[in-house]
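I have placed the structure first, in the form of structure tokens, so that the comments after it can refer back to it.
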Amino acid sequence: MRNPATPGAVGELAELVLPWLPPQDLAAAASASRALRAAASSVSAGRAADAAHGLEPHPIPFDNLVDCKPYAYFLYTPFSLTPSSASPRRAQPWGRTWARPPGPTWPRSDLGGFPSAGCACAQGACGGARGCPCADPEAEAVGLGSEAGMGSLRECGDGCACGPSCGNRRTQLGVTVRLRVVRHREKGWGLHAAEVLRRGQFVCEYAGELLTTEEARRRQGLYDELASVGKLSPALIVIREHLPSGKACLRVNIDATKVGNVARFINHSCDGGNLHPVLVRSSGSLLPRLCFFAARDIIEGEELTFSYGDARLRPNGLPCFCGSLCCSGLLPSEET
């Protein structure tokens, strides 16, 4: 039996424990011994190699030539969660290889809805969505609608007879394009294309914690206070959709600050950016999902951006560094 104090035993224990530690605790462990320092360095390298923690089809590496931060620490989820369903994922190993490949991000039975609603199309019969009652037959080929504003798209959902390979589930297989998270001197982290993206190509969903309006307002107040002194880069987004009657508005609050996916790194651009936001509804689901499609052809290495909304002047507004010709100088903000 190996002595637990030997370097080999320490390395084996470190491989099991260190991937679960947040950066501060990982640094403390690294200071204890040479073996732990080497193990912690390996964990940090693994984290820098994949922002998606192995939960997407391709690794999404961090690239930093600006400062000494090798990665941004957060808990990864490929799809949005309620805070109660997110709690079991608070402890998350990150910095080692996952034993299982990522699966489809849908169906989602834990968010409620009407699972009996859906098409009766046979496996794979939806194809390009032609003839499927869940699809948008009059939408453009790319499913984005008009270039201005937010588009809409309908897809098959939980109650549909078709499977994950259905052609009308284009946003439900995770991030299938290659991306990189790049450090900027003024903007912090940003998301970049690591391959050529064609107009209309699905890029990613904005995933995080689904909050009540009361909780969103509470967190936004705290985030604004921390962001004003440079201690936090919040990623809470509020989606408002006016219903056909014009008398009501559906509001969805998604907070990717602590629990989210790579969409949390997409920066604002005052000119609208190169991503088109689309509200995607799956048959039987109560809430829409915010997804991003390429608004035009995007070259490899180009930063991915979209418009957060109209800028509103306020005394503690955060500066905008998008660099576009129409930059207002301030990041969009609103009362949540």
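Table for the structure above
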read-out	value
Condition met for residue 85 (farther than 19 Å from residue 192 by Cα and modelled with pLDDT of 90 or more)	no
Enumeration of residues in segment 201-236 that are touching a Phe, Trp or Tyr at 6+ places or on another chain (Cβ under 6 Å) and at pLDDT 90 or above	202, 203, 204, 207
Those residues of segment 191-220 which are in contact with a Ser or Thr (Cβ under 8 Å, 6 or more places away or on another chain), assigned to a strand (DSSP E or B) and not acidic (Asp, Glu), in sequence order	202, 210
Contacts under 7 angstrom Cβ, first residue in segment 272-292 being farther than 23 Å from residue 303 by Cβ, partner of a type in the set (Phe, Trp, Tyr), 6 or more apart	282/106; 284/114
In segment 188-209, the residues that are within 18 Å of residue 70 (Cα to Cα) and out of contact with any Asp or Glu (no Cβ under 9 Å at 6 or more places or on another chain)	188, 189
Segment 278-289, residues that are surrounded by 21 or more Cβ atoms within 10 Å (Cβ to Cβ) and touching a strand residue (DSSP E or B) at 6+ places or on another chain (Cβ under 6 Å)	278, 280, 282, 289
Residues of segment 239-277 classified as more than 15 Å from residue 309 (Cα to Cα), of a type in the set (A, V, I, L, M, F, W, C), in contact with a strand residue (DSSP E or B) (Cβ under 7 Å, 6 or more places away or on another chain) and crowded, with 22+ Cβ neighbours inside 10 Å, total	5
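The values are calculated or read from the model by the stated rules, or taken from the named source; none is laboratory data. Small disclaimer: the values here were computed from a predicted structure and weren't measured. When we count neighbours, we look across all protein chains shown, and the Cβ atoms used for this are built from the backbone with ideal geometry, even at glycine.
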